Amino acid sequence: MSVEIRKVEFPRDINAFIGVVFKIYAGNPYWVPPLKMDLKAFLNPNKNPYFKTATVQPFIAYRNGEAVGTIAATVDQGVQEHEPGVGLFGFFDFIDDPAVSEGLWKAATRWLRDQGMKSARGPANFCLNHEFGLIIDGHDDMPMIANPYNAAYYQGHYEKLDIPKARDWFTYEMDRTKSPPEIIRKIADRFMSRHPEVEIRPMKKSEFESQVDDFWELYNDAWEHNWGHSKFGREEFLWAAKRLMPVLDERLAFMAYVDGKPAAASITLLDYNQVAKKMNGSIFPFGWWHYLNAGKTIDRIRVWVLGVKQEYQKLPLGAPLYLKTWDNASEMMKLQKAEASLILEDNHRMRGALEKLGLEVAKTYRMYEAPL
């Protein structure tokens with residue numbers, strides 16, 4: 001059966017583009033449908049400031065006239081500053097047909113090559129500041145909030161396309177039967193008692209404007225040397241932060257200050273995927289009800305961000321932030337599982353800290369990069 005790959009444009013073809021993944025995963029018990037109105041805004045160049053610093057070319061694959069796959073190729077100017085010639089690909093979804101995945105891959109890499117790119121890295125929707133990675137294991141578990149999901153057959157298609165592995169990222173988990181070792185609590189308490197210049201403040205929605213600038217400065221500094229890092233512009237960061245507000249709980253988000261200067265941040269999210277699954281991509285007709293009753297449903301959390309500015313990375317700031325999060329979450333709900341993700345495979349400092357806290361590797365997300 002013939003496969004046709006068509007270039008499409010945003011925002012004109014957004015509905016057609018996102019409709020494909022809903023069709024591919026219809027009935028999958030582990031895939032979490034994204035909220036359509038939110039995804040449409042994210043893909044809209046007239047709304048998302050990311051498009052001011054990146055050029056994106058999306059494609060849709062058709063087999064006998066039916067849409068059966070998507071991909072988006074991206075040239076990100078932030079990536080070009082650090083790694084000239086590295087192009088990105090993402091939203092790479094397809095039915096289990098090698099002709100479909102191959103056609104999409106060839107179209108995306110041909111476009112990237114025409115833009116002067118020397119390699120194609122992904123999957124990332126659109127860059128590592130957004131959702132990224134291919135699940136290698138743990139396909140029989142629903143991902144936590146802001147982590148992607150893919151069917152198990154995807155990895156075989158990547159291998160058939162001969163796309164080499166670049167890096168692995170891990171999710172670390174701790175279930176309700178465990179708690180942080182007492183030695184960690186002692187370290188955190190001793191550190192805070194000996195350092196009165198350190199203050200941990202909750203992130204408050206009422207102080208959004210001032211705290212978001214502190215967090216933006218910290219984010220770009222703390223992750224500057226991470227593999228694949230793309231600097232967040234202030235406009236895009238502000239837009240992303242505003243999108244986060246509906247799921248941000250002030251009891252689980254903190255900034256650490258040293259002598260009044262932002263030094264570290266920790267943001268843990270309630271796993272709204274447990275709610276989004278029931279909403280099926282829409283707030284109507286009953287999605288709003290599930291959202292408003294989230295407190296009765298959610299029993300999992302994800303440590304989404306924990307970063308320390310480079311000049312303060314010798315201080316054990318992570319310990320009090322983790323413990324404050326765990327204690328608050330345990331008081332808020334009958335906590336079943338806590339996840340910290342995604343952790344780069346060669347980030348030995350962070351991995352060591354998580355393992356000392358009693359967390360264990362649960363899932364692997366893989367990034368790939370192919371020479372063009």
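Quick notes on this structure:
- Among the criteria (1) at pLDDT 90 or above; (2) open to solvent by 40 Å² or more (accessible area, probe 1.4 Å); (3) under 19 Å from the mean Cα position of the chain (by Cα), the one GLU224 does not fulfil is (1).
- Residue satisfying all of: in region 153-179; closer than 21 Å to ALA120 by Cα and assigned to a strand (DSSP E or B); most open to solvent (accessible area, probe 1.4 Å) among these: LYS165
- Evaluating ILE5 against the criteria (1) under 18 Å from the mean Cα position of the chain (by Cα); (2) open to solvent by 30 Å² or more (accessible area, probe 1.4 Å); (3) modelled with pLDDT of 95 or more leaves one unmet condition, (1).
- Residue identified as crowded, with 17+ Cβ neighbours inside 10 Å and modelled with pLDDT under 95 among ASN129, ASN150, ASN125: ASN129
- GLU197 satisfies every condition listed in (1) within 30 Å of VAL100 (Cβ to Cβ); (2) loosely packed, with under 13 Cβ neighbours inside 10 Å; (3) in contact with a strand residue (DSSP E or B) (Cβ under 9 Å, 6 or more places away or on another chain) except (1).
- Tally of residues being surrounded by fewer than 17 Cβ atoms within 10 Å (Cβ to Cβ), more than 23 Å from ARG113 (Cβ to Cβ) and among the polar types (S, T, N, Q) across region 23-63: 3
- Members of region 93-104 found to be part of a helix (DSSP H, G or I) and surrounded by fewer than 24 Cβ atoms within 10 Å (Cβ to Cβ), listed by number: PRO98, ALA99, VAL100, GLU102, GLY103
- Residues of region 237-249 satisfying the condition of being open to solvent by less than 20 Å² (accessible area, probe 1.4 Å) and either within 26 Å of ASP346 (Cα to Cα) or part of a helix (DSSP H, G or I) (or both): PHE237, ALA241
- Count of residues meeting criterion [open to solvent by less than 80 Å² (accessible area, probe 1.4 Å) and either assigned to a strand (DSSP E or B) or within 24 Å of MET333 (Cα to Cα) (or both)] in region 180-189: 5
- Long-range neighbours under 6 Å by Cβ, at least six apart or interchain, first residue part of a strand (DSSP E or B) within region 190-204, second surrounded by 15 or more Cβ atoms within 10 Å (Cβ to Cβ) and of a type outside the set (Gly, Ala, Ser): VAL198/VAL258; GLU199/TYR257; ILE200/PHE254; ARG201/MET255; PRO202/PHE254
- Residue within region 207-215 that is out of contact with any Gly (no Cβ under 7 Å at 6 or more places or on another chain) and among the polar types (S, T, N, Q) present: yes
The values are calculated or read from the model by the stated rules, or taken from the named source; none is laboratory data. A quick note: this is a predicted structure, and the numbers were derived from the prediction, not measured. Virtual Cβ from ideal backbone geometry, glycine too; neighbours counted across all protein chains shown. Protein only, heavy atoms only, side chains kept; ligands, DNA and RNA dropped before computing areas. Shrake-Rupley method; radii C 1.70, N 1.55, O 1.52, S 1.80 Å.
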